[in-house]
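One structure is given below, encoded as structure tokens.
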Amino acid sequence: MSNPVLVEVFRGETVESRHRGAVIVTDGDGKIVFSLGDIERPTFPRSAIKAIQALPLVESGAADAYGFGNEELAMACASHSGEPQHVAKAADMLGRAGLDVSALECGSHWPAQQPVLIALAKSGQEPTPLHNNCSGKHAGFLCTCRHLGIETHGYSALGSPEQDMVRDAMESVTGAPHALDRCGTDGCSIPTYAIPLKNLAHGFARMATGVGFEPVRAAAARRLVDAAMAASYYVAGTNRACTVLMEMAPNRIFVKGGAEGVYTGALPELGLGIAIKCDDGSARASEAIIATILARIYRNEDELESKLDRFADREMRNWNGITYGVISPTEALTDADIN
């Protein structure tokens, strides 16, 4: 099945690039509210699934044992920019469990955002694992291990007690088998599993509603979603799409991007979950897709819809600030009727 073109990129009046993809919106019972494209195709959720991966941190009692509030829980769900506040928060999370940067197994990389990278380089520092966009998630893993008395060394490996807990949570929440023949290695070195997009969306609808969850899991899921919405800066960072989109409707919209053009969303007040995948892995396209889907969902709220549409359909400018084109969702998205 060939996925539809969901985003076009114009240079002047001419289409220069086209991005195909799939999108699905479900409710907590798994009913499909809206879909486009192949929603059965196995997709690696990448970082878009971090809120589910953080469930053992809360369910084990580790989050409470170390006094974690919204900011720390948001960091556990984050793909942050490596800004000073992010780095300090990850270090603090580790410190509360008696650990330091040497315990992290996510690796080091320079911050992806140019201003943050430049500021770090100008300071004369080299990046550490704390600057890794996944350091908050890994700090959460380590705190869970420490609280449960599990060996911290090797916590990121396939078959470790921590990753078994994470896999079991993902499998239970999404309802999709997390099998070895669909297991790969994520950018931060933990296992990642390819599952159908429809299961990913249903999982986040359940995170928003608690449908089918035992009380402990329902409370943990809502706590993580609420924390990410309340402390959205720690989920991503300055001018990052996840943070910007959540700030448009405080405490109402949860969204989380992942590498290779994946996005998830949870809308607690509406009981909906969202999952999208851009075929070519484009971040610019996946951001336009998720914003447009949200705009259609909130089409009865003119101000919010307008903000979301402006984010989705935006100008591109060169290094001289000259507008040379636009990123524009196609009618397949803009005309979507999502009830």
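Below is a table of values for the structure above.
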item	result
Residues located in region 310-331, provided they are assigned to a helix (DSSP H, G or I) and either free of Cβ contacts under 8 Å to residues at least 24 places away in the same chain or more than 26 Å from the chain's Cα centre (by Cα) (or both)	Arg310, Glu331
Every residue from region 292-309 that is within 22 Å of the chain's Cα centre (by Cα), of a type in the set (Ser, Thr, Tyr) and farther than 22 Å from Val15 by Cα	Tyr298
Hits in region 1-28 - residues which are over 18 Å from Asn318 (Cβ atoms), in contact (Cβ under 8 Å) with a residue 60 or more places away in the chain and of a type outside the set (A, V, I, L, M)	Asn3, Pro4, Glu8, His19, Arg20, Gly21, Thr26, Asp27, Gly28
Residue selected from region 11-61 under the condition within 30 Å of Gly136 (Cα to Cα) and open to solvent by 40 Å² or more (accessible area, probe 1.4 Å), by the criterion nearest to the chain's Cα centre (by Cα)	Arg46
Residues satisfying the stated conditions in region 62-86, i.e. outside any loop (DSSP other than H, G, I, E, B), buried (at least 24 other Cβ atoms within 10 Å of the Cβ) and aliphatic (A, V, I, L, M)	Ala63, Leu73, Ala74, Met75, Ala76
Number of the condition not met by Ile118 [criteria: (1) surrounded by fewer than 17 Cβ atoms within 10 Å (Cβ to Cβ); (2) of a type in the set (A, V, I, L, M); (3) touching a helix residue (DSSP H, G or I) at 6+ places or on another chain (Cβ under 9 Å)]	(3)
Count of residues meeting criterion [touching a strand residue (DSSP E or B) at 6+ places or on another chain (Cβ under 6 Å) and of a type in the set (Gly, Ala, Ser)] in region 215-239	1
The one condition in (1) charged (D, E, K, R); (2) in a helix (DSSP H, G or I); (3) touching a residue at least 40 places away in the same chain (Cβ under 8 Å); (4) under 25 Å from Lys89 (Cα atoms) that Glu247 fails to fulfil	(3)
Test set (1) out of contact with any Cys (no Cβ under 7 Å at 6 or more places or on another chain); (2) within 19 Å of Phe68 (Cα to Cα); (3) in contact (Cβ under 8 Å) with a residue 24 or more places away in the chain - Gly95 fails condition number	(3)
Residue in region 145-156 that is open to solvent by 50 Å² or more (accessible area, probe 1.4 Å) and within 23 Å of Thr43 (Cα to Cα) present	no
Inter-residue pairs, beta-carbon under 9 Å, first under 20 Å from Ala221 (Cα atoms) and open to solvent by 20 Å² or more (accessible area, probe 1.4 Å) and in region 187-204, second part of a strand (DSSP E or B) and among the small types (Gly, Ala, Ser), 6+ apart	Lys198/Ser35; Lys198/Ala275; Asn199/Ala275; His202/Gly273; His202/Ala275
The lone exception for Gly237 - which of (1) open to solvent by less than 50 Å² (accessible area, probe 1.4 Å); (2) in contact with a Phe, Trp or Tyr (Cβ under 8 Å, 6 or more places away or on another chain) it fails	(2)
Conditions (1) in a loop (DSSP other than H, G, I, E, B); (2) open to solvent by less than 40 Å² (accessible area, probe 1.4 Å); (3) farther than 21 Å from Cys145 by Cα; (4) in contact with a Ser or Thr (Cβ under 7 Å, 6 or more places away or on another chain); number of the one not met by Asn3	(4)
Residue list for region 114-134, restricted to those being touching a residue at least 60 places away in the same chain (Cβ under 8 Å) and under 17 Å from the mean Cα position of the chain (by Cα)	Asn133, Cys134
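The values are calculated or read from the model by the stated rules, or taken from the named source; none is laboratory data. Bear in mind the structure is a predicted one, so any value in this text is a computation, not a measurement. Don't worry about glycine lacking a Cβ; one is built from the backbone with ideal geometry, like all the others, and counts go over all protein chains shown. Please note that ligands, DNA and RNA were not included when accessible areas were found on the heavy atoms of the full protein model with its side chains. Shrake-Rupley method; radii C 1.70, N 1.55, O 1.52, S 1.80 Å.
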